[in-house]
Amino acid sequence: VRVSPRRGRHGDVDYKLGGHVSANEVSALLWRERELLDLLLFKLEEEQLLLTAGKSRWLSHATREVEQVMDRLRAAGLTRTVEVATLAEEWGGGENSSLRELAANAPDGPWREIFSGHLTAMTELASQIKELRDVNERFLRAAVRSTQETLATLAPEAGTYDSSGASG
């Protein structure tokens, strides 16, 4: 029995049992995942703009939006894994084939190039996302450090006490 995707009410992927998967369906899933990766890149850039502008008021909203896109990407990634493996098996590949293996096992013609193109684009997007995530993390650490330093300067100096308990 195979699990195959179908679109939910918000464009997210739900699952149904059984059926055959076509190269067109897998390509459409990969396009949807690429769109989600692009959306994640946008949301991370949005988050970075808030960080660099010092607009911490909106940071929790931006972070929540990043998490929502990540949840949708996890579901899309699971669906992709299942569908790619199913199609690769139909094309003579292994039962747990990756997108790279699917492209390598694609029949002669346009599908090899199409799936290789998806792989290249998704790899580039993932690299850009990782780089932006790392930069945002550095900005957040610097902001936390700056906040701690500011709070430390606002606190009254710790006094010392003598043997009678009076501060000096």
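Quick check: pseudo-label points 7 Å beyond the Cα along Cα→Cβ at E124 and E46, how many nm apart are they?
With each label point 7 Å from Cα toward Cβ, the separation is 2.3 nm.
Just subtract the alpha-carbon distance of D38 and E131 from 0.36 nm times their residue separation and send over the number in nm, one decimal.
Length gained between D38 and E131: 32.1 nm.
Can you tell me the length gained on complete extension of the stretch E90 to H20, counting 0.36 nm per residue apart and subtracting the Cα distance?
Net length gain for the segment: 24.3 nm.
With unit charges on the beta carbon (Lys/Arg positive, Asp/Glu negative), name the residue among W58, W91, G117 whose Cα is farthest towards the positive pole of the charge dipole of region 13-145.
W58
What's the extension gain from W31 to T150 if we count 0.36 nm per residue and subtract their Cα-Cα distance?
Stretched out fully, the W31 to T150 stretch lengthens by 38.2 nm.
Where does region 10-133 land on Rg/Rh, using Cα atoms and the Kirkwood Rh?
1.07
Bear in mind these aren't lab numbers, they're just calculated from the coordinates by the rules spelled out. Everything numeric here is computed off the predicted structure, so don't read it as measured data. Every residue, glycine among them, receives a Cβ derived from its backbone with ideal geometry; neighbour counts consider all protein chains shown.
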